[in-house]
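Below is one structure, written out as structure tokens, with a few remarks after it.
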Amino acid sequence: MTSSEAANKLKAKFGDLISELPEFRGESSVALADAEKIVEVCRYAKSDLDFNYLVDISSLDHYGDDPRWTVVYHLRGLGHGCELRIKTNVSEEISKLPSVTSVWAAANWHEREIYDMMGIHFRDHPDLRRILMWEGYPYFPLRKDFPLAGKESDMPGIAFSKPSPMEGGPFVTVAGGGSATAREPRIRIPEPETGESTGLIEKK
Amino acid sequence: MATVQDIEFKDPLARTAQAAEDLPDIQDERMVLNMGPSHPATHGVLRIVLELDGEIITKADPDIGYLHRGDEKIAENMTYTQFIPYTDRLDYLAPLANNVAYVLAVEKLLGIHDKLPPRCQYIRVMCAELARISAHLLGLGAFAMDMGAVTVFLLAFTEREKIYNLAEAVSGARLTTSYTRVGGVMRDLPPGWVDQCQKFCDEFIPALNQFETLLTRNRIWVDRVRNLAVISKQDAIDYGLSGPNLRGSGVEWDLRKKQPYLCYKDLEFDIPVGSVGDCYDRYLVRMEEMRQSVRILEQCIKKIPGGADNKSKEPVDYNSGKVLLPPKEKVMTSMEELIHQFMLVTEGMNCPPGEIYFGHENPKGELGFYIYSKGGGVPYRLKIRAPSFVNLSIIPKIFQGAMISDTVAILGSLDFVMGECDR
């Protein structure tokens with residue numbers, strides 16, 4: 001079996017829910033239209049198509065677009081050696097999809113990481129807690145609207161109360177659009193600080 | 001005159017039964033014990049909250065993230081080339097292998113992964129295999145030291161020192177090598193390096209035999225690690241383990257064989273697998289992998305195009321002008337190269353929009369990079385699939401029912417690095 005055959009079988013089974021994405025660098029990807037069906041699709045891929053190994057789950061933040069989130073599953077069959085990528089979109093209002101921990105135990109920590117970093121929730125996850133950041137941390141740092149320097153918080157005991165200074169550091173490249181001048185790596189001096197330097201944020 | 005007094009000393013089992021009778025109200029009481037984050041056996045900053053019933057672990061909850069630096073966030077804010085030094089700091093016991101893994105992923109995105117000149121491929125394979133030996137040596141040494149065999153640790157470090165010297169000769173740095181570049185390597189092998197590498201191989205096999213005599217049939221060692229923390233084939237696959245931990249459970253899966261990259265197709269080597277899946281099997285697999293790595297190194301030394309000193313001037317990078325910086329003398333004299341240099345430095349190489357996943361067989365397991373590009377010189381999202389992160393997720397499962405004194409042995413046999421686990 002090849003990856004594209006597996007994609008076709010998924011398509012035959014789930015019909016319009018599955019659409020095949022163009023192949024890129026020899027990798028097959030399919031898009032799943034309804035994120036609620038992810039467990040059924042994964043269970044079928046595991047039991048009938050022999051994708052017994054979950055390589056990775058990652059997430060994308062299309063900030064400013066709708067739906068905002070994409071969750072990406074990398075599947076592999078150790079028997080036939082094929083790989084398949086399943087992508088599914090989740091809108092920002094919902095920010096929730098079913099957990100696939102019942103299919104592969106490996107999903108447990110991957111989903112916890114996505115919850116921690118992006119703030120996407122997984123229904124029926126046995127233990128959905130923060131994993132890399134600490135309990136009580138108020139933000140989701142991999143979101144595109146979270147700045148590289150960090151964000152201020154009013155909880156000095158729990159999170160950093162000031163963004164980290166970026167001046168004098170390495171060159172900072174601005175990702176994404178804009179002109180070459182706006183994007184190029186250069187030292188970007190932050191806004192001059194106002195207020196006391198007590199480390200505490202003034203209440204407005 | 002001395003008085004003689006008889007003391008009745010019951011055997012442990014009888015004492016436990018007696019205690020249970022005398023103290024009925026402490027029955028079923030669990031003790032919570034905190035291990036780490038800075039504990040010598042946690043190889044970094046792993047914290048495990050253990051729930052104990054006497055000496056038996058009833059529940060283990062690993063707490064990671066103490067070394068989280070936000071590498072994935074950082075990657076979104078710099079060009080592909082600028083991120084290479086950050087990969088040194090993932091699995092800092094095998095920085096050369098991380099460098100190779102990362103640039104192969106970016107090359108796959110660019111579509112130039114099959115255009116690399118053969119000499120570059122051989123150099124990269126040699127780097128990756130040296131890194132594998134270095135990482136396994138530390139894993140082995142630390143594992144043995146946690147079990148009380150300090151000699152092995154010191155002997156292993158003597159051999160690692162030689163690998164550090166080789167890394168220094170090739171890249172100028174012992175630890176933070178940053179040796180590879182997208183499309184090639186920083187520079188060709190220095191003169192005499194291949195001979196040094198051959199000398200290392202010659203000396204390493206006797207050293208490895210010495211480790212084996214110290215451990216493999218050592219009664220204390222075998223009793224400590226055999227039949228301990230058995231991971232079944234099914235569990236290993238289900239939890240997504242990779243590398244020696246997966247192969248120790250008897251799953252024959254090695255990306256160098258199953259999805260060959262670089263010149264691994266042309267090299268002969270075997271994939272050792274375990275039969276039981278216990279700590280002893282994982283130890284044996286690592287020992288054999290080091291022997292296989294030496295075998296690969298020796299083949300590379302013989303087959304490397306251009307020979308040791310590259311007299312025939314084989315290229316070591318794929319230079320179309322749009323990926324690697326052009327030669328300085330051309331930048332100074334030619335308009336085209338000056339433009340390329342300027343664009344590469346300011347904007348980075350122009351990657352096509354698309355997404356790729358590349359998995360590399362790192363010493364700890366499968367180090368994967370998922371790159372989602374919207375075009376341009378900066379990744380929109382770069383996800384690092386760290387082998388240690390996935391390998392550690394099985395801890396709650398295998399710690400349950402183990403003895404507290406076995407925790408260090410199990411952690412040692414899993415051989416993880418928190419630098420890449422926490423990223």
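Table: residues versus (1) within 26 Å of A:ARG76 (Cβ to Cβ); (2) touching a Gly at 6+ places or on another chain (Cβ under 6 Å).
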position: B:ARG174; (1), (2): no, no
position: B:GLY183; (1), (2): no, no
position: B:PRO191; (1), (2): no, no
position: B:GLU203; (1), (2): no, no
position: B:ASN227; (1), (2): no, no
position: B:ILE231; (1), (2): yes, yes
position: B:ASP238; (1), (2): yes, no
position: B:ASN245; (1), (2): yes, no
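Just one of the listed residues (B:VAL100, B:VAL125, B:VAL106) is modelled with pLDDT of 90 or more, touching a Phe, Trp or Tyr at 6+ places or on another chain (Cβ under 6 Å) and among the β-branched types (Val, Ile, Thr), and it is B:VAL106. Only a single item in (1) β-branched (Val, Ile, Thr); (2) in contact with a helix residue (DSSP H, G or I) (Cβ under 6 Å, 6 or more places away or on another chain); (3) not in a strand (DSSP E or B) is not met by B:ILE57, and it is number (3). Scanning segment B:274-331 for residues that are more than 27 Å from the chain's Cα centre (by Cα) and among the β-branched types (Val, Ile, Thr) gives B:VAL323, B:VAL331.
For residues that are in a helix (DSSP H, G or I) and more than 20 Å from B:ALA94 (Cβ to Cβ), scanning just segment B:357-404, find the one that is farthest from the other protein chains (Cβ to nearest Cβ). Looking at residues that are in a helix (DSSP H, G or I) and more than 20 Å from B:ALA94 (Cβ to Cβ), I get B:ILE404.
Here's the yes/no breakdown for (1) aliphatic (A, V, I, L, M); (2) modelled with pLDDT under 90; (3) in contact with a Phe, Trp or Tyr (Cβ under 6 Å, 6 or more places away or on another chain):
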| position | (1), (2), (3) |
| --- | --- |
| A:VAL55 | yes, no, no |
| A:TYR63 | no, yes, no |
| A:ASN108 | no, no, no |
| A:GLU113 | no, no, no |
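Inside segment B:23-52, can you point out the residues that are of a type outside the set (A, V, I, L, M), over 27 Å from B:VAL417 (Cβ atoms) and at pLDDT 75 or above? Hits for segment B:23-52 are B:GLU29, B:ARG30. Annotation note: of B:PRO327, B:PRO353, B:PRO315, B:PRO305, the sole residue that is more than 28 Å from B:GLY240 (Cα to Cα) and within 14 Å of chain A (Cβ to nearest Cβ) is B:PRO353. For segment B:254-292, filtered to residues that are of a type in the set (Lys, Arg) and touching a residue at least 12 places away in the same chain (Cβ under 8 Å), the residue that is surrounded by the most Cβ atoms within 10 Å (Cβ to Cβ) is B:ARG282.
Taking the numbered list (1) more than 14 Å from chain A (Cβ to nearest Cβ); (2) farther than 25 Å from B:ILE133 by Cβ; (3) modelled with pLDDT of 85 or more in turn, B:GLY321 passes all entries but (3).
Annotation: of all residues in segment B:169-185 being part of a loop (DSSP other than H, G, I, E, B), of a type in the set (Gly, Ala, Ser) and within 21 Å of the chain's Cα centre (by Cα), the one that is nearest to B:LEU104 (Cα to Cα) is B:SER178.
For segment A:91-109, a residue qualifies if it is in contact (Cβ under 8 Å) with a residue 24 or more places away in the chain and either within 8 Å of chain B (Cβ to nearest Cβ) or part of a strand (DSSP E or B) (or both), and the qualifying residues are A:LYS96, A:LEU97, A:PRO98, A:TRP104, A:ALA106. Across segment B:74-85, the number of residues qualifying as surrounded by fewer than 19 Cβ atoms within 10 Å (Cβ to Cβ) and either within 15 Å of A:ASP116 (Cα to Cα) or not polar (S, T, N, Q) (or both) comes to 2. How many residues are within 11 Å of chain A (Cβ to nearest Cβ) and aliphatic (A, V, I, L, M) when one looks only at segment B:61-100? Number of matching residues: 5. Look through B:LEU267, B:LEU241 and report the one residue that is within 21 Å of A:LEU54 (Cβ to Cβ) and of a type in the set (A, V, I, L, M). The unique qualifying residue is B:LEU241. Within segment B:293-343, the set of residues being outside any loop (DSSP other than H, G, I, E, B), in contact with a Gly (Cβ under 9 Å, 6 or more places away or on another chain) and in contact (Cβ under 8 Å) with a residue 40 or more places away in the chain comprises B:ASP317 only. Looking only at residues in segment B:332-350 that are among the aliphatic types (A, V, I, L, M) and away from chain A (no Cβ under 12 Å), the one that is surrounded by the fewest Cβ atoms within 10 Å (Cβ to Cβ) is B:MET335.
The values are calculated or read from the model by the stated rules, or taken from the named source; none is laboratory data. Since the model is a prediction, treat every value here as computed from it, not as a measurement. All Cβ positions, glycine included, derive from the backbone under ideal geometry; neighbour counts span all protein chains shown.
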